[in-house]
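Q: One structure coming up, written as structure tokens, with questions to follow.
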Amino acid sequence: MSKTRRQSSAPGTLNRNDVAVEVEVYTDKDYFLPGEKLTGKIYVVAKESVRVDKLVAVIEGFNHVAWEEDKRSIEYAEDVKLFEERVLVRSFSKPIPVGRFYFDFSYLVPEFLPSSFNVDTVARNLKWEDIRMHVATVNYSIRAVLERLDEPVGRVSGQPFIIHAPPEKTETVVKEDITEQVKTFGCFPRGYITVSLTIDKSSYKNNDVMSIRLEVTNMTPLPCKNIIAVLFRKLKVLAQRSQRNIRTKEYMIEFEDVPSGERATYVKDVQLQNVLPTTCSRNIKCNYVLAVRCEVPFSTNIDLTLPVTTIIAPSEEHEQSCPPLQLYKPWKD
């Protein structure tokens, strides 16, 4: 079982305040996939006999975006509830007696949910944007509620959980497996330059290694200089009928100059650590692009771009912090 928030009471007990009944909810793991069953247990501690009608699990998703601009000192913010569902866990025909009880529950996660997402950044030197701060989050949580006449009874607590949406569920996923781009620029009568950019695949999991292959053929009389490759994160956020496009450099690689009349091949490996998932929700859209720029003598630069999909691989580790099951009884009508 997984519980992400810190327990303030001893194992097997809940908060001992002056309430008749207390409810805690625990999921079996930290993360779930769209279309997967979210399972767990609800623990109830009744300090006196309590009459209730039903036990309900409430599952919610929230989208929060905010940003602040320097020049006009204007802050934009918006909170959107992505969805809310109430799942009936148990109806009661008799009062809950004094004691500790647990209830199993399950819920089918909707297919349409975007990945959990969390950006909270204060810009340091984004020369292409006059934005000082931006926040973009997609969060999910579950709570269990005992109700009588549709009103909550006792103390209620909730638990966050994570959604990992696979790439085929993401609207911003690369639709085609594009892993190569080639451009040739002629500087007639002074020769030509050909640049070829290749990556080993179009989709990467967090901590994967991206292999970048760059070939430059310089048939001009001057060296080809200032060759760089940059992995950009392109984030679009919407709030209060306004939107912002925020571009952030994730990784930058510099290549050696290519002398006149020569051909150079470079292979660089980059480990993608702490990247956010490619995702699309109501107020947030995030994708990545690998861009290469090569200065061409006598003319404009050559720019190549390849779209990149990023995926957050679910962790198999989760904190075992639920109360000992042997201290609780399964509910029986």
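The values are calculated or read from the model by the stated rules, or taken from the named source; none is laboratory data. In this text, all values refer to a predicted model and were calculated from it rather than measured experimentally. With ideal geometry, Cβ positions are generated from the backbone for all residues, glycine too; neighbour counts draw on all protein chains shown. These area figures cover heavy atoms from the full protein model, side chains too; ligands, DNA and RNA do not enter into them. Shrake-Rupley method; radii C 1.70, N 1.55, O 1.52, S 1.80 Å.
Q: Rounded to the nearest whole Å², what accessible area per residue is found for the stretch 25-94 with the 1.4 Å probe?
A: Ligands and nucleic acids excluded, the result is 46 Å² per residue.
Q: Starting from the amide H of Met210, placed 1.01 Å from N in the peptide plane, find each other amide H under 5 Å away whose residue is 5 or more places distant or on another chain.
A: Those lying under 5 Å, H to H, from Met210 are Val270, Gln271, Leu272.
Q: Modelled label-to-label distance, Val182 and Val209, 7 Å Cα→beta-carbon offset: nm?
A: For the pair Val182/Val209, the computed spacing is 2.7 nm.
Q: What list of ³J(HN,Hα) couplings, whole Hz, do you get for the stretch 79-86 from phi and the Karplus terms 6.51, -1.76, 1.60, once you set θ to phi - 60° and write x for glycine and proline?
A: Running phi through 6.51 cos²θ - 1.76 cosθ + 1.60 with θ = phi - 60° gives 10, 10, 7, 5, 6, 8, 9, 10 Hz.
Q: While we're here: So which of Lys29/Lys285; Lys54/Lys81; Lys41/Lys234; Lys37/Lys249; Lys81/Lys332 end up more than 30 Å apart, counting from Cα to Cα?
A: Checking Cα-Cα distances, Lys41/Lys234; Lys37/Lys249; Lys81/Lys332 exceed 30 Å.
Q: A further question on this structure: For the stretch 251-260, just list the computed ³J(HN,Hα) in residue order, Karplus coefficients 6.51, -1.76 and 1.60, θ = phi - 60°, integers in Hz, with x standing in for Gly and Pro.
A: 9, 9, 10, 9, 10, 6, 5, 10, x, 4
Q: For the stretch 105-117, what does the Karplus curve 6.51 cos²θ - 1.76 cosθ + 1.60, with θ = phi - 60°, yield as ³J(HN,Hα) per residue in whole Hz, taken in order and with x for Gly and Pro?
A: Each residue's phi maps through the Karplus curve to give 9, 8, 8, 7, 5, x, 6, 8, 6, x, 5, 4, 8 Hz.
Q: Charges only on Cβ, +1 for Lys and Arg, -1 for Asp and Glu: so what's the dipole of the stretch 200-313 about the Cα centre, in debye to the nearest 20?
A: Using Cβ point charges on Lys, Arg, Asp and Glu, the stretch 200-313 gives about 920 debye.
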